[in-house]
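Please read the structure below before turning to the comments.
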Amino acid sequence: MSHRLSPRWSSAGFVLLLILTATVQADPSPQRGMYLLATSQVGHPLWRETVILLLEHGPGGSLGVIVNRPLEVPAEELLPDLPGVRSRELRLYFGGPVGRDGLLWLLRARHVPDGAKQVLEEVSYGSNPALLVERLLAGSNDSEVRLLFGHAGWAPGQLGGEIERGDWRVLPADADSLFTLDSERQWQELMDRRQQRWVRYRPPVKVTTPTRG
C-alpha cells in the first residue's frame, strides 16, 4: 500500500528544512589584524563609515587606528623635523581621537623591523620616528607607508559590548586591502566583501517528515 504525505505535514517539513538551512552571518571574534567596520548604529559622525584596523586586543583593552581618513596636509608640514619625509610624497591620516599629537605608522614589508610589532602578514606598526626614518632611507616605497595621528582605544570589555550592540562589523584584514583600496571606497568595498563571506549552515542530521497512512 502506498503512503502519501499529508499537505499539512509536507508544509511543516518544508518550513523546518528552510529553518535548518537558513543562511547565517558569521563574524570572527575581534583580535589583532581585524577590521572594524562602523555601522549606522554608531551615531557620532566621527565614526561614520570608518574602517579601523585593530592593532591590539586582549584583557587589558583594545587599540586600533582609523585607516580611511586621509588628512589634506602634506607630511612635511606637520613633520618638518623628521629627516627623510620632506623628499617623499607621504600622506597623513587621522588615526583616531585619542592621543592626536602622537604619531603611529604602518609599514608594508616582508620583515618586521626591530622595535616594531607585526599586525598582519607583511604589515607592522610602531611609534618610533627614528625607526620609520630608517625604513624610509632604506628604500621603502611611499605607497608602503602610512602615517597616522591619533588612535582609537577601548577599555576592557568595551569593544565586545559595542560589537554585540551592532556598532561594528568584524572582518579579517590583509595588506592589499589596507594599502591599495581607495580611502573613499574602502568602507563600502569591505562591507561588500563581508557580505560575500556569509556561510550556509547545513546541520549533519537527516530530516524526515512523518507519513500518514
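Just one residue in the set ARG100, ARG69 is basic (Lys, Arg), crowded, with 17+ Cβ neighbours inside 10 Å and within 22 Å of TRP154 (Cα to Cα); that residue is ARG69. In this structure, is GLY126 exposed (fewer than 15 other Cβ atoms within 10 Å of the Cβ), touching a strand residue (DSSP E or B) at 6+ places or on another chain (Cβ under 7 Å) and of a type outside the set (Val, Ile, Thr)? So GLY126 does not fit the description; no. Can you spot a residue in the stretch 113-128 that is closer than 22 Å to LEU171 by Cα and free of Cβ contacts under 8 Å to residues at least 12 places away in the same chain? Checking the stretch 113-128: at least one residue is closer than 22 Å to LEU171 by Cα and free of Cβ contacts under 8 Å to residues at least 12 places away in the same chain. Residues in the stretch 141-161 that are buried (at least 18 other Cβ atoms within 10 Å of the Cβ) and out of contact with any helix residue (DSSP H, G or I) (no Cβ under 9 Å at 6 or more places or on another chain) were compared, and the one that is farthest from LEU92 (Cα to Cα) is LEU159. Checked against (1) at pLDDT 95 or above; (2) closer than 22 Å to GLU49 by Cβ; (3) of a type in the set (A, V, I, L, M), ALA155 passes all but condition (2). Got at least one residue in the stretch 14-34 being in a strand (DSSP E or B) and at pLDDT 80 or above? Looking for residues that are in a strand (DSSP E or B) and at pLDDT 80 or above, one finds at least one in the stretch 14-34, hence yes. Report yes if some residue within the stretch 86-93 is in a helix (DSSP H, G or I), at pLDDT below 95 and surrounded by 16 or more Cβ atoms within 10 Å (Cβ to Cβ); otherwise report no. The answer is no, given that none of the residues of the stretch 86-93 is in a helix (DSSP H, G or I), at pLDDT below 95 and surrounded by 16 or more Cβ atoms within 10 Å (Cβ to Cβ).
The values are calculated or read from the model by the stated rules, or taken from the named source; none is laboratory data. Here the structure is a predicted model, which is why all the values come from computation and not from measurement. No Cβ is skipped: glycine too gets one built from the backbone with ideal geometry, and neighbour counts run over all protein chains shown.
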